[in-house]
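Input: a single structure, listed below in structure tokens.
Here, each number is a calculation from the coordinates, and none is a lab measurement. Here the structure is a predicted model, which means the values were calculated and not measured. Every residue, glycine among them, receives a Cβ derived from its backbone with ideal geometry; neighbour counts consider all protein chains shown.
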Amino acid sequence: MRTSKSSPSPAPARGNIAVDLRPFLVEFNDGRRWVLVRHETVAASDDKTRSANGVVTKDVVIDDETGVSVRVFLPVDAAVAAAAGDGRRLPLVVYVHGGAFCTGSASARMFHDYAESLSARAAAVVVSVDYRLAPAHPVPAAYDDAWAALRWAASRRRRLSDDTWPYFWGTKWLPCETPYACWRTRGSPPMLLPERIDALWPYVTVGAAANNGDDPRIDPSAEAIASLPCRRALESVATEDVLRGRGRRYAAAWGDSGSHRAATLVESKGVDHCFHLLPEFSSHAETGVLMDRVAMFIAKGKTPPPNTRGCLDGG
């Protein structure tokens with residue numbers, strides 16, 4: 001499979017920088033902004049070439065006006081086996097990558113590899129959203145694009161998958177996305193301190209929000225979480241992640257919202273934010289455990305919730 005590396009702009013002179021929020025962006029004294037893009041990218045296998053784990057991929061533009069696209073991951077052998085068996089199609093997963101709203105893509109190596117692994121492990125069709133990025137496209141553009149992708153997948157579920165209920169799961173949980181904090185190994189200082197994360201949000205939202213819990217798009221209330229009509233949720237947190245408290249609160253709010261709800265909290269021990277995406281953690285025990293728990297969660301969801309239209313169509 002072909003790969004390429006994006007080409008970041010030349011590093012600016014230090015004296016010209018007014019705000020330094022690396023690895024995401026810097027702002028110059030004259031108001032110009034430099035967005036750092038350093039992801040290795042992976043081309044889709046439009047030539048039908050399978051990956052080593054038997055997954056083929058294809059990029060599809062879902063909105064001609066915005067240019068938003070998705071990358072679809074299909075585990076070929078699982079699909080053929082399902083069709084040859086009882087005729088049931090595969091589960092459908094909509095995956096939304098992380099990156100603080102301002103970096104990353106469906107083709108970025110770390111997100112592509114994870115979606116591909118999830119497709120193979122869970123025997124599921126994965127639709128990865130290539131949403132527009134801030135600051136060029138500030139929030140709520142990412143939410144709008146994720147919602148458009150979810151509706152697109154739902155409208156094609158008969159062709160893409162088995163279930164009438166597409167799972168909405170990703171590195172972050174939209175529309176309740178929490179901010180991205182850079183990973184660190186246990187015992188070493190974080191690459192991006194919480195106060196620097198706070199400073200990033202005015203650029204992501206054009207000054208409309210800070211990462212302080214005042215904006216429900218960043219830190220939704222328990223009432224907002226409880227109002228979601230879906231029956232099951234899985235929330236994963238890492239014990240060394242500065243955002244672990246939010247994840248635990250989300251799971252508690254969901255579980256406390258009614259006896260018909262099932263909330264699963266997975267806590268990964270001794271690791272930090274998004275550890276499972278990093279090559280150096282690919283063989284880590286906690287990475288395997290998390291993947292197994294996610295695959296089990298997907299496998300259990302064969303019955304659509306009673307209020308499917310409310311979840312999918314906004315009605």
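Phi angles of the stretch 222-230 translate, via the Karplus equation with coefficients 6.51, -1.76, 1.60 and θ = phi - 60°, into HN-Hα couplings of 4, 5, 5, 5, 5, 6, 5, x, 6 Hz per residue; Gly and Pro are given as x. Of the peptides 236-246, 97-107, the order by per-residue mean of other Cβ atoms within 10 Å, starting with the highest, comes out as 97-107, 236-246.
Highest mean first, the peptides 148-154, 57-63, 277-283 sorted by other C-beta atoms within 10 Å per residue fall in the order 148-154, 57-63, 277-283. Amide H contacts under 5 Å for residue 235: 264, 265, 266, restricted to partners 5 or more places along the chain or on a different chain, H placed in the peptide plane at 1.01 Å from N.
Considering every alpha-carbon pair of the stretch 17-148, the percent of pairs per 10 Å bin, from zero through the bin containing the longest distance, is 12, 37, 29, 15, 5, 2, 0. Can you classify the stretch 230-271 as rounded, prolate or oblate using the Cα gyration tensor, where a ≥ b ≥ c are the square roots of its eigenvalues, rounded means a/c under 1.5, and otherwise it's prolate if a/b beats b/c and oblate if not? It is prolate, given that a/c is not under 1.5 and a/b is the larger ratio. Highest mean first, the peptides 22-34, 116-128 sorted by other C-beta atoms within 10 Å per residue fall in the order 116-128, 22-34.
Taking label positions 7 Å along the Cα-Cβ direction at both residue 260 and residue 63, the computed distance is 3.1 nm, reported to one decimal.
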